Every structure is written in structure tokens, then in C-alpha cells.
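S.K.: So that we are looking at the same thing, I have put the structure below in C-alpha cells.
Computed from the coordinates by the stated procedures, all read-outs in this text should not be read as laboratory data. Worth saying up front: this structure is predicted, and the values here are computed from it rather than measured. Positions of Cβ are generated from backbone atoms using ideal geometry, with glycine treated the same way; all protein chains shown enter the neighbour counts.
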Amino acid sequence: MRNPFDNDERAAFRETVRQFIANEITPHADRWDEEGAIPWELHEKAGELGVFGFGIPEELGGLGFDDAFMRSIWAEELAFCGAGGVGAALGGRTISIDPIVRFAGPHIRDRVVPEIVSGRKGSSLGITEPGGGSDVASLTTKAVKDGNGWRISGSKTFITGGMTSEYYVIGARTGGEGMAGVSLFFIEWGAEGFSRTPLDKKMGWWCSDQATLYFDNVFVPADAMIGPENAGFMVIMNNFNLERLGLIAGSLGMAKVCLDDSIAWAKERQTFGKPLIKHQVIRHKIADMSAKIDALEALTNQLCWLINEDDMPVAELSKAKFFATKTLEFCASEAMQVMGGAGYLRGNRIERAYREVKVMAIGGGSEEIMRDLAVRQMGL
Ligand SMILES: Cc1cc2nc3c(=O)[nH]c(=O)nc-3n(C[C@H](O)[C@H](O)[C@H](O)COP(=O)(O)OP(=O)(O)OC[C@H]3O[C@@H](n4cnc5c(N)ncnc54)[C@H](O)[C@@H]3O)c2cc1C
């Protein structure tokens with residue numbers, strides 16, 4: 001569908017990332033996913049493309065400008081490689097960069113941001129704990145003052161990039177109960193008392209690593225705190241907004257993959273003497289998928305425009321997040337039906353999309369939490 005907000009720069013950016021994905025990722029995505037990792041050079045190649053640099057000053061290695069449309073284009077186009085794990089592996093760092101750029105001291109920010117943005121090093125955001133992820137205000141990892149620093153104890157889990165990152169932004173309790181007692185810290189891999197183990201046997205995102213992190217009385221200096229003491233909760237909540245835009249755009253891309261592959265298959269497959277696409281029931285599935293995708297695409301474009309206008313649409317992002325994953329769930333299921341048994345075999349994009357719907361619907365704010373937030377934003 002034509003986008004009224006499109007311009008030459010965005011069209012050129014889409015074409016550039018499309019070529020990059022077609023040449024550097026798609027031919028290998030299936031194998032990488034089966035092998036459980038992407039090569040590190042891909043982080044560096046994506047870094048050279050500039051896709052980690054939105055909203056980051058040039059002196060820190062960033063692009064020096066931001067554009068929600070371009071962020072969205074990157075996430076959407078990446079879905080066409082057919083393996084969500086590639087986007088997760090590359091993009092895991094993006095949810096930790098913003099707090100570092102905005103709130104870390106210059107001695108940390110100036111050293112690590114260029115490394116992360118260039119793709120030379122990975123970084124992760126650690127909020128979710130074994131005890132829970134949705135209720136961020138109840139996190140239990142504890143930071144206790146010790147001389148000119150803090151001792152951190154506790155555990156984080158499901159942390160994307162957790163096995164390969166050098167740098168971590170984690171939430172820990174520095175005050176009393178609830179949201180007003182949470183602070184953010186910068187921790188480096190190698191700190192004494194910091195260990196990690198991989199999460200194995202996942203439903204999807206096989207080529208992206210998720211880890212459980214353990215902090216056993218880990219010492220960090222006082223200036224490793226990111227942002228003011230006990231003000232971490234709002235930083236975490238604000239950080240979710242652009243993560244959610246990425247998940248919405250990624251879901252849009254995956255839904256388009258489901259539609260494209262359904263159409264291609266339905267044109268080719270013959271049943272009862274004619275191509276599948278000539279059967280009305282199948283035609284209606286295509287129409288339904290296409291209509292939902294159009295609606296999601298229009299909504300995504302509108303959100304990008306609002307974000308660019310500096311009018312962060314928190315309620316609309318929450319609604320769009322569950323609308324996007326419900327759209328994707330519908331399209332993945334219908335596409336699987338169109339494909340029949342062939343869709344059930346490993347090695348095609350529909351099979352993987354069907355498995356990876358759930359991480360989109362749970363990660364970065366689950367459908368239930370998104371509905372709750374949307375209604376709260378309505379003042380109810
Ligand atoms: C592949 C993957 C990668 C991830 N990467 C990261 C990462 O990099 N960093 C990070 O910090 N986290 C990460 N997460 C964690 C993710 O953010 C959490 O899984 C998510 O926030 C949900 O938390 P939970 O799994 O603990 O579920 P819970 O919070 O235990 O909730 C369980 C279920 O109950 C529902 N629920 C919870 N509370 C309510 C309520 N009040 N009303 C109705 N329903 C409710 C939830 O929607 C969910 O369906 C990742 C998760 C996955 C699967």
C-alpha cells in the first residue's frame with residue numbers, strides 16, 4: 001500500500017536494506033537458524049549500514065538523526081529473510097543503547113556506544129527475572145551500597161544477546177518496594193561474580209541467544225548507575241516505546257511474508273483440477289490477510305509520524321502492539337492452512353513464522369499487558 005509519508009530518502013533506505021538483506025542474510029538465514037547463531041561479522045556489516053545508529057549523535061558513531069519510519073523499515077524488511085532470530089540477534093542491542101546514550105556518564109557512554117553502534121560489541125537489556133517479567137515494578141535483583149559503589153545480587157532471564165554481549169544495562173532494586181525503588185546499572189561481562197548460562201530448546205529465534213544472568217555480589221562503581229537513583233522505572237517504560245515500534249513493524253513484515261508465500265503457493269498448487277488460488281475459500285483467506293495487513297501498515301505509518309512529531313503515542317503503541325501480533329497470528333495460521341502439509345515442514349518461512357508468533361506476542365510487553373496499558377492510558 002502506498003505510504004503518504006514516504007519520501008526519496010526513505011525509499012532509498014528501504015532499497016538499500018532490502019539489497020543488504022537479500023545479499024547478506026536471506027541466503028544463509030535458514031542454515032544460521034538451524035545452527036543456532038549468526039556470524040559476528042553480520043553485526044559489523046549491519047553496523048556499517050548504520051541501522052543501529054538512529055537517534056545517536058555522530059560523535060558517538062550514530063547517524064546524527066532519527067526517523068521512526070526508517071527504524072520501522074529496517075524491522076519490517078528484516079522479516080523477509082524468514083528467520084526472526086536474525087533480527088533478534090542483531091537488534092538485541094538496540095533496546096539497551098538508548099538508556100546508555102541518554103543517562104550513562106560520559107566515561108561509559110563515550111567508550112561503549114561507538115563499539116555497540118558499529119556492531120563490534122554487543123549489549124543487552126536485563127529487566128526480566130526468573131520470578132517474572134510483566135510486573136517490572138516488583139523486580140527483586142538487589143543493589144546495596146558498598147563504599148563508593150554498589151553490590152548487585154540476583155538473576156535475570158530471557159536476556160537477548162545475553163551470551164554474547166560485553167555490556168549490560170540491568171534493573172535492580174535500590175530503594176523500597178514498587179516502581180520508585182528501581183535503578184538501572186551498567187555492568188560489563190567479566191565483572192567478578194557475574195556468570196551466564198544459555199536458554200536452550202526454544203520454540204523460535206534459534207539463531208539469537210537468550211541467557212540467564214547471575215549476579216553474585218557483583219561490585220560496580222557508583223558512576224555505573226544509569227540515570228538518577230530510584231528513577232529507573234520510567235527509563236525502562238520509556239525505552240519500551242521504540243522496542244514496541246520495532247516489534248510492530250517486525251510483525252507487519254512477517255505477516256506480509258505469510259501473505260506473499262500463500263499467494264505464491266496458491267498460484268502454483270493444483271487441487272480438484274484448478275490452481276488453489278481459484279478456489280473461493282482460499283481467495284477469501286488471501287483477502288482477509290491482505291485487509292488486516294493494510295490496516296496494520298496504515299497504523300504503523302501513523303505511529304511513525306506521531307513519533308517523529310515528538311508526540312510519543314504510548315496508548316496507540318500498546319494497542320498497535322497487540323493488534324500487530326493478533327494480525328500476525330491470524331496470517332501465520334491462515335498461511336499454514338493454504339500451504340497444507342508443505343507448510344508443516346521445516347525450512348519454509350511460514351513454518352517459522354507460525355512458531356515465532358508467540359515471542360512477538362509475549363516479548364516487549366505481552367498482549368495482556370498491552371491491553372491493560374492501553375486502557376489505563378484511556379484514564380480507566
Ligand atoms: C525470546 C525472548 C527474548 C526476550 N528478551 C528479553 C530481553 O532481552 N530482556 C528482558 O528483560 N526480557 C526479555 N524477554 C522477556 C519478556 O519481556 C517477558 O517474557 C515478558 O515481559 C513476559 O514476562 P514473563 O515471561 O515473566 O511472564 P509473566 O509476567 O509471568 O506473565 C505470564 C502471563 O501472564 C500474563 N499476565 C501477567 N500479568 C497479568 C495481568 N495483570 N493481567 C493479565 N495477564 C497478566 C502475561 O501477559 C503472560 O501471558 C524475552 C522473552 C523471550 C521469550
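S.K.: Any idea what % of Cα-Cα pairs in the chain are farther than 33 Å?
M.R.: 30 percent
S.K.: Can you check how the C-alpha radius of gyration of the stretch 200-286 compares to 2.2 N^0.38 Å, as a plain ratio?
M.R.: Numbers: Rg = 23.6 Å, N = 87, 2.2 N^0.38 = 12.0 Å.
Its radius of gyration relative to the 2.2 N^0.38 Å reference: 1.97.
S.K.: While we're on this one: What nm value, rounded to one decimal, do you get for the distance between Asp223 and Asp6 when each label is placed 7 Å out toward the C-beta?
M.R.: It is 4.9 nm.
S.K.: Pairing the Cα long axis of helix 68-78 with the longest principal axis of the chain, what angle in degrees results, from 0 to 90 and rounded to the nearest 10?
M.R.: Roughly 60 degrees between the two axes.
S.K.: Taking a cut-off of 13 Å between Cα atoms, list the aspartates and glutamates near Lys201, but don't count ones fewer than 8 places away on the same chain.
M.R.: Straight-distance partners of Lys201: Asp33, Glu34, Glu35, Asp209.
S.K.: Using a 10 Å cut-off on Cβ atoms, rank the peptides 272-280, 187-195 from the highest mean neighbour count down.
M.R.: Details: 272-280: 12.3, 187-195: 14.9.
The most tightly packed comes first, giving 187-195, 272-280.
S.K.: Convex hull over the Cα atoms of the stretch 1-145, averaged projected area in nm²?
M.R.: Convex hull of Cα atoms, orientation-averaged projection: 11.4 nm².
S.K.: Compute the relative contact order of the stretch 123-233 as a whole-number percentage, counting only Cα pairs closer than 8 Å that sit 6 or more residues apart in sequence.
M.R.: Numbers: 275 pairs, mean separation 35.8, N = 111.
Relative contact order, the stretch 123-233: 32 percent.
S.K.: Whole-Å semi-axes of the stretch 235-377's equivalent ellipsoid, largest first, each the root of 5 times a Cα gyration tensor eigenvalue? Don't skip to the answer; put the middle values down first.
M.R.: Working: eigenvalues 211, 44, 25 Å².
One finds semi-axes of 32, 15, 11 Å for the stretch 235-377.
S.K.: Oh, and also: Just the Cα atoms of the stretch 90-241, one point each, no solvent: what log10 I(q)/I(0) does Debye give at q = 0.11, 0.13, 0.16, 0.17 Å⁻¹?
M.R.: Summing over Cα pairs of the stretch 90-241 leads to -0.36, -0.52, -0.81, -0.92.
S.K.: A follow-up question, please. Which of these, Ala104, Ala298, Ala88, has the largest mean-square fluctuation under a Gaussian network model of the chain (Cα springs below 10 Å)?
M.R.: Ala298
S.K.: Tell me which cysteines of the chain come out unpaired when the rule is another cysteine's Cβ under 4.7 Å.
M.R.: Cys81, Cys207, Cys304
S.K.: Testing the spin-label approximation: label points 7 Å from Cα along Cα→Cβ at His107 and Glu268. State their distance in nm.
M.R.: Spacing of the two 7 Å Cα→Cβ label points: 6.0 nm.
S.K.: Which links in Lys156/Lys202; Lys121/Lys358; Lys278/Lys326; Lys285/Lys326; Lys156/Lys326 stretch past 20 Å when you go from one Cα to the other? Write out the running numbers ahead of the final one.
M.R.: Working: Lys156/Lys202 17 Å; Lys121/Lys358 28 Å; Lys278/Lys326 27 Å; Lys285/Lys326 15 Å; Lys156/Lys326 28 Å.
The answer is Lys121/Lys358; Lys278/Lys326; Lys156/Lys326.
S.K.: Using packing as a proxy for protection, rank 20-28, 357-365 so that the peptide with the highest average count of other Cβ atoms within 10 Å comes first.
M.R.: Ranking the peptides 20-28, 357-365 by packing returns 357-365, 20-28.
S.K.: Which FRET efficiency value, to the nearest 0.05, is calculated for Ala37 and Glu115 with the Förster distance at 35 angstrom and r the Cβ-Cβ distance? Could the numbers behind the result be given before it?
M.R.: Details: r = 20 Å, r/R0 = 0.57.
So the FRET efficiency works out to roughly 0.95.
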